[in-house]
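Below: one structure, written as structure tokens.
The values are calculated or read from the model by the stated rules, or taken from the named source; none is laboratory data. None of the values given here were measured: they were computed from a predicted structure. Cβ coordinates were reconstructed from backbone atoms using ideal geometry, including for glycine residues, and neighbour counts include every protein chain displayed.
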Amino acid sequence: MAVERGDAAFVAFEHVQKSYDGETLVVKDLNLSIGKGEFLTMLGPSGSGKTTCLMMLAGFETATHGEIRLAGRPINNIPPHKRGIGMVFQNYALFPHMTVAENLAFPLQVRNLGKAEIEAKIKRALDMVQMGRFGGRRPAQLSGGQQQRIALARALVFEPELVLMDEPLGALDKQLREHMQFEIKHLHDALGVTVVYVTHDQSEALTMSDRVAVFNDGRIQQLAPPEELYERPANSFVAQFIGENNTLPGTVETIADGACTVRLAGGELIEAVPVNVSAAGERTTVSIRPERVEFKPERLPPGARTVEAEVLEFIYMGDTFRTRMRVAGNDNFVMKCRNSIGQRKLEPGERVAIGWVTPDARALDPH
Amino acid sequence: MADIPADQSAGIMRAADGRPLKVALARAQTRARRRAFLLVAPLLFFVLVTFVVPIGQMLHRSVHNPTFVDNMPQVAAWFRDTPAGTEPDEAALAALIAYLAAAAEARTIGAVGTRVNYEMQGTRSLFTAAGRRAGRLEAPYREALLDIDAKWGDPALWSTMRQVSTAYTANFYLAAVDRTRDLDGSVTRVAPDRAVYLTLFQRTFLLSALITFLCLLLGFPIAHLLATLPLRYSNLLMILVLLPFWTSLLVRTTAWMVILQGQGVLNNALVSLGIIGDTGRVELMYNQAGTVIAMTHILLPFMVLPLYSVMRTINPSYVRAARSLGATSWTAFRRVYLPQTLPGIGAGSLLVFILAVGYYITPALVGGASGQLISNLIAFHMQNSLNWSLAAALAALLLAAVLALYWLYDRLVGVDNMKLG
């Protein structure tokens with residue numbers, strides 16, 4: 001993982017550690033720098049330390065060790081209300097006893113702004129999230145999506161340079177969530193604020209972010225733009241966590257010049273890109289995305305190696321077909337085909353030769 | 001809509017068998033409703049017998065006292081038939097004496113005397129003395145009565161007798177607010193040295209307000225701790241809060257007596273620490289201080305529990321949000337946390353105040369003379385002076401005050417917002 005030392009990073013975590021009980025580390029040596037105007041997502045399963053990192057940045061948790069800097073200034077000892085960071089909470093945390101307008105006025109009032117200025121800013125913020133007519137309502141009178149927008153407007157109304165979002169879309173249904181992802185992304189583009197976004201939903205992370213930091217076990221497993229994260233996962237955890245993934249355990253047979261051959265459990269030999277392996281004889285797990293698996297010989301490059309597969313189950317999913325097959329002893333090998341014109345449906349029990357292009361097979365750590 | 005049979009012409013929805021839907025619905029729900037009623041019927045009966053009827057009787061007694069009219073119907077009739085201020089004629093006096101004699105025979109003369117004595121002190125002996133000699137009196141009765149005691153000529157006595165001669169009277173309520181009727185029946189204040197109830201009401205409400213305030217002051221941080229501590233600590237703390245509930249009220253009050261009295265634990269500790277001298281022992285008991293201290297302790301859980309139940313539901317992210325928006329911890333508390341605890345503050349304060357207003361045992365034991373509350377006087381009239389009607393009137397006034405308070409609370413905060421646990 002690359003750390004740009006000395007970089008004029010807007011937000012920087014340096015060797016940050018966090019422990020709640022003095023026995024175990026929730027965050028283990030975190031190094032992360034976030035550029036100004038960037039949309040960075042912290043993605044990971046629950047308990048991976050991502051929310052703790054966000055809370056340390058917001059000032060609600062103190063780092064046990066290490067330094068957190070905001071615009072070059074160490075903020076470890078600055079209380080949350082002096083950090084000037086906007087935050088959107090998972091449950092929105094709109095004050096239930098205040099109207100929408102009063103909620104938005106709150107950060108401006110505590111900053112002692114003039115009445116006219118406050119009103120102008122509230123109006124602009126409400127218009128920004130297309131909620132201009134809702135200033136007099138109470139949060140309880142709004143739908144989930146509307147509350148989400150107000151929470152967003154409140155976090156932005158005092159024009160912070162950094163906005164933190166803690167799983168802000170977790171409580172919305174799927175359709176609304178996708179719509180709001182789009183809106184948040186547009187707001188980010190329009191305002192140019194730096195956003196640190198926490199989620200455990202990988203599709204959310206991929207659609208919205210400039211870069212994604214995948215957390216597991218208190219460490220960043222990979223920090224990369226979405227495309228690289230999906231196409232070139234750095235280890236088995238990332239490959240498994242992001243998207244669907246087929247794994248084939250095996251042993252490295254030969255390795256040279258950015259290519260290797262792997263002997264699978266069933267004796268088959270395949271080619272792969274060595275990622276976490278360095279020498280012949282090492283144990284490895286080869287990872288291949290289901291949609292990159294092909295069974296029509298004409299679609300594979302000439303001379304590509306194929307592997308024998310036995311179809312176990314065929315699932316019709318509308319836009320795609322999912323075929324579960326046994327490959328090299330693995331019963332859960334999945335092939336995804338687009339439901340395109342003339343696409344053939346494989347029958348259970350059928351035996352086919354499947355293949356893929358070598359860069360899609362990545363030899364990762366045996367997990 | 002096609003499968004719902006609707007009588008379009010009549011505009012009535014009908015069930016599948018053609019009956020109106022409303023009838024069908026009511027019939028379908030009758031059984032369930034009847035069963036639900038049977039389930040609550042025992043409780044309803046219990047509440048009716050043990051609560052509604054006695055309270056109704058008490059309220060009735062506060063305006064109804066038939067002692068005089070029951071024992072002296074003919075005298076009462078004479079009072080009814082003549083205008084106020086009429087001099088009693090011989091016929092009326094003859095009836096009075098006849099009844100006095102009969103009552104003395106039946107040993108009920110004391111009851112009538114007591115009833116008149118409620119309104120005019122020092123008249124009970126008048127009746128008993130007259131009753132003893134009534135059998136031997138001869139006309140002219142006026143002179144004969146005056147011969148027994150010159151007070152029988154006092155117009156105030158006859159005015160009072162006229163007042164008590166009706167079974168229904170508002171006089172007990174007048175007495176309960178330190179008012180009485182003068183000779184011509186208009187309402188006046190009683191003599192300052194006899195006025196006790198208004199000051200006592202005032203003291204009761206002031207002390208209750210003080211106790212409520214102290215409970216809130218002490219209970220708020222505890223409730224907050226309970227609501228925010230990890231479960232294993234908060235459970236322990238909750239047991240400590242509830243512990244007083246499991247101890248007898250009498251034991252708790254007695255414990256306070258041990259602690260607070262002149263030679264008690266607290267004073268001894270202060271003396272041995274040299275903070276106060278042996279002669280300067282603080283009087284913490286048998287005065288208002290004792291009542292306030294002991295009642296605050298006893299009523300504290302009633303404040304903590306509603307507060308706790310409200311605070312537990314307040315998500316910590318509200319305060320965090322306020323802090324992230326730039327509020328200091330004090331501003332976040334004042335503008336975000338405190339307003340959300342209002343339902344709990346309201347419920348707890350109302351509960352503690354209402355309990356305090358009617359509290360009896362603790363002030364009776366540790367209150368001394370200055371720490372007595374109105375309920376102690378109600379008990380006195382129930383048990384010692386046996387003026388149940390006055391006790392009932394005082395209790396009814398207390399009830400009315402509490403109901404008024406409840407109404408006020410509903411107007412200001414809304415009872416729907418109240419959370420009791």
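Tell me whether region B:100-107 contains one or more residues that are more than 21 Å from B:R136 (Cβ to Cβ) and either assigned to a helix (DSSP H, G or I) or outside the structural domain of B:L183 (by TED's automatic domain parsing) (or both). Spell out the reasoning first.
Filtering region B:100-107 for residues more than 21 Å from B:R136 (Cβ to Cβ) gives none.
The answer is no; no qualifying residue exists.
Would you pick out the residues in region A:185-236 that are closer than 25 Å to A:V286 by Cα, among the hydroxyl-bearing types (S, T, Y) and modelled with pLDDT of 90 or more?
Within region A:185-236, A:Y230, A:S236 meet the criteria.
Filter region A:118-142 down to the residues that are buried (at least 17 other Cβ atoms within 10 Å of the Cβ) and not basic (K, R) and list them by number.
A:I118, A:I122, A:A125, A:L126, A:M128, A:V129, A:M131, A:F134, A:G135, A:P139, A:L142, listed by residue number.
With respect to A:M56, determine if the residue is facing another protein chain (nearest Cβ under 9 Å) and in contact (Cβ under 8 Å) with a residue 12 or more places away in the chain. It would help to see each step written out before you state the result.
Numbers: facing another protein chain (nearest Cβ under 9 Å): no; in contact (Cβ under 8 Å) with a residue 12 or more places away in the chain: yes.
Here the answer is no, as A:M56 does not meet what is asked.
Check region A:98-116 and report whether any residue there is of a type in the set (S, T, Y), in contact with a Ser or Thr (Cβ under 8 Å, 6 or more places away or on another chain) and within 23 Å of B:S317 (Cβ to Cβ).
At the first step, the residues of region A:98-116 found to be of a type in the set (S, T, Y) are A:99.
When the remaining residues are screened for being in contact with a Ser or Thr (Cβ under 8 Å, 6 or more places away or on another chain), the result is none.
No, that holds for no residue.
Could you tell me how many of the residues in region B:192-233 are in a helix (DSSP H, G or I) and either small (G, A, S) or touching a Pro at 6+ places or on another chain (Cβ under 8 Å) (or both)?
Our first condition is that a residue be in a helix (DSSP H, G or I); within region B:192-233, this holds for B:192-194, B:197-228, B:231-233.
The next check asks that each one be either small (G, A, S) or touching a Pro at 6+ places or on another chain (Cβ under 8 Å) (or both); those that pass are B:208-209, B:219, B:223, B:227-228.
Residues in region B:192-233 being in a helix (DSSP H, G or I) and either small (G, A, S) or touching a Pro at 6+ places or on another chain (Cβ under 8 Å) (or both): 6 in total.
Report yes if some residue within region A:40-51 is within 14 Å of chain B (Cβ to nearest Cβ), under 30 Å from B:I314 (Cβ atoms) and over 24 Å from the mean Cα position of the chain (by Cα); otherwise report no. Talk me through it step by step, then tell me what you get.
Of region A:40-51, the ones within 14 Å of chain B (Cβ to nearest Cβ) are A:51.
This time we only want the ones that are under 30 Å from B:I314 (Cβ atoms), so: A:51.
Filter once more, so that each one left must be over 24 Å from the mean Cα position of the chain (by Cα): none.
The answer is no; no qualifying residue exists.
Among the residues of region A:70-82 satisfying the criterion of being buried (at least 16 other Cβ atoms within 10 Å of the Cβ) and free of Cβ contacts under 8 Å to residues at least 60 places away in the same chain, which is nearest to A:L25 (Cα to Cα)? Walk me through it before giving the result.
Of region A:70-82, the ones buried (at least 16 other Cβ atoms within 10 Å of the Cβ) are A:70, A:75, A:80-81.
Now narrow it down to the ones that are free of Cβ contacts under 8 Å to residues at least 60 places away in the same chain: A:75, A:80-81.
On the way: A:I75: 21, A:P80: 23, A:H81: 27 Å.
Taking the candidates together, the pick is A:I75.
With the requirement that a residue be among the β-branched types (V, I, T) and at pLDDT below 90, what does region B:268-297 give you? Even if it seems obvious, please write down each step before you answer.
Start the filter on region B:268-297 by keeping residues that are among the β-branched types (V, I, T), which leaves B:271, B:275-276, B:279, B:282, B:291-293, B:296.
The answer is B:I275, B:I276, B:T279, B:V282.
Of the residues A:T62, A:T24, which single one is over 21 Å from B:S329 (Cα atoms) and either at pLDDT below 90 or not in a strand (DSSP E or B) (or both)? Write out each step before concluding.
Details: A:T62 fails: over 21 Å from B:S329 (Cα atoms).
Answer to the selection: A:T24.
I'd like to check something: does region B:312-324 contain any residue that is in a helix (DSSP H, G or I) and away from chain A (no Cβ under 14 Å)? Can you show your working first?
Our first condition is that a residue be in a helix (DSSP H, G or I); within region B:312-324, this holds for B:312, B:316-324.
Still in the list and also away from chain A (no Cβ under 14 Å): B:312.
Within region B:312-324, one or more residues are in a helix (DSSP H, G or I) and away from chain A (no Cβ under 14 Å).
Would you pick out the residues in region A:108-138 that are under 17 Å from A:Q148 (Cβ atoms) and within 14 Å of another protein chain (Cβ to nearest Cβ)?
Within region A:108-138, A:A125, A:R138 qualify.
Go through region A:83-107 and report how many residues are within 11 Å of chain B (Cβ to nearest Cβ), closer than 19 Å to A:R137 by Cα, in contact with a Gly (Cβ under 9 Å, 6 or more places away or on another chain) and crowded, with 20+ Cβ neighbours inside 10 Å.
4
Can you pull out every residue in region A:209-222 that is within 12 Å of A:L40 (Cα to Cα) and surrounded by fewer than 22 Cβ atoms within 10 Å (Cβ to Cβ)? Give the derivation first.
Taking region A:209-222 as the starting set, the residues that turn out to be within 12 Å of A:L40 (Cα to Cα) are A:209-214.
Passing the criteria: A:D210, A:R211.
With the structure loaded, tell me whether A:A205 is loosely packed, with under 15 Cβ neighbours inside 10 Å, in contact with a Pro (Cβ under 9 Å, 6 or more places away or on another chain) and among the small types (G, A, S) or whether it fails that test. Before you say what the answer is, go through the steps one by one.
On the way: loosely packed, with under 15 Cβ neighbours inside 10 Å: no; in contact with a Pro (Cβ under 9 Å, 6 or more places away or on another chain): yes; among the small types (G, A, S): yes.
No, not satisfied.
So which helices (runs of 4 or more DSSP H) stay within region B:335-421 end to end and still have 2 or more residues that are within 14 Å of another protein chain (Cβ to nearest Cβ) and within 30 Å of B:A321 (Cα to Cα)? Show your work before the answer.
On the way: elements: B:338-357, B:361-366, B:374-383, B:388-412.
Passing ranges, in order: B:338-357.
Of all residues in region A:59-82, count the ones that are more than 8 Å from chain B (Cβ to nearest Cβ) and in contact with a Ser or Thr (Cβ under 8 Å, 6 or more places away or on another chain).
Of the residues in that region, 3 qualify.
Of all the residues that make up region A:154-183, how many are within 14 Å of another protein chain (Cβ to nearest Cβ) and among the hydrophobic types (A, V, I, L, M, F, W, C)?
Our first condition is that a residue be within 14 Å of another protein chain (Cβ to nearest Cβ); within region A:154-183, this holds for A:154-168, A:170-171.
When the remaining residues are screened for being among the hydrophobic types (A, V, I, L, M, F, W, C), the result is A:155-158, A:162-165, A:171.
Final tally of qualifying residues: 9.
Out of region A:326-357, which residues are touching a residue at least 60 places away in the same chain (Cβ under 8 Å) and of a type in the set (G, A, S)?
Listed by number, the residues that qualify are A:A328, A:G329, A:G355.
If A:A151 meets every condition in (1) assigned to a loop (DSSP other than H, G, I, E, B); (2) at the interface with another protein chain (Cβ under 9 Å from one of its Cβ atoms) apart from one, which number is that one?
Unmet condition: (1).
With under 17 Å from B:Q372 (Cβ atoms) and not small (G, A, S) as the only criterion, which of B:T188, B:T199, B:T169, B:T180 stands out?
Details: B:T188 fails: under 17 Å from B:Q372 (Cβ atoms); B:T169 fails: under 17 Å from B:Q372 (Cβ atoms); B:T180 fails: under 17 Å from B:Q372 (Cβ atoms).
Sole residue among the options that is under 17 Å from B:Q372 (Cβ atoms) and not small (G, A, S): B:T199.
Name the helices (runs of 4 or more DSSP H) wholly within region A:160-240 that hold at least 2 residues that are in contact with a Ser or Thr (Cβ under 8 Å, 6 or more places away or on another chain)?
On the way: elements: A:174-191, A:202-208, A:226-231.
It comes to A:174-191, A:202-208.
Quick one: in region B:285-311, of everything that is surrounded by fewer than 21 Cβ atoms within 10 Å (Cβ to Cβ) and not in a helix (DSSP H, G or I), which residue is nearest to the other protein chains (Cβ to nearest Cβ)?
B:N287
Pick from B:S385, B:S329: which is farther than 29 Å from B:V241 by Cβ and not basic (K, R)? Reasoning before the result, please.
Details: B:S329 fails: farther than 29 Å from B:V241 by Cβ.
Only one candidate qualifies: B:S385.
Kindly provide the set of residues from region A:251-298 that are on the phi > 0 side of the Ramachandran plot and surrounded by 14 or more Cβ atoms within 10 Å (Cβ to Cβ), ordered by number.
none
Take A:S48 and decide whether it is hydroxyl-bearing (S, T, Y), buried (at least 23 other Cβ atoms within 10 Å of the Cβ) and in contact (Cβ under 8 Å) with a residue 40 or more places away in the chain. Walk me through it before giving the result.
Numbers: hydroxyl-bearing (S, T, Y): yes; buried (at least 23 other Cβ atoms within 10 Å of the Cβ): yes; in contact (Cβ under 8 Å) with a residue 40 or more places away in the chain: yes.
It is true that A:S48 is hydroxyl-bearing (S, T, Y), buried (at least 23 other Cβ atoms within 10 Å of the Cβ) and in contact (Cβ under 8 Å) with a residue 40 or more places away in the chain.
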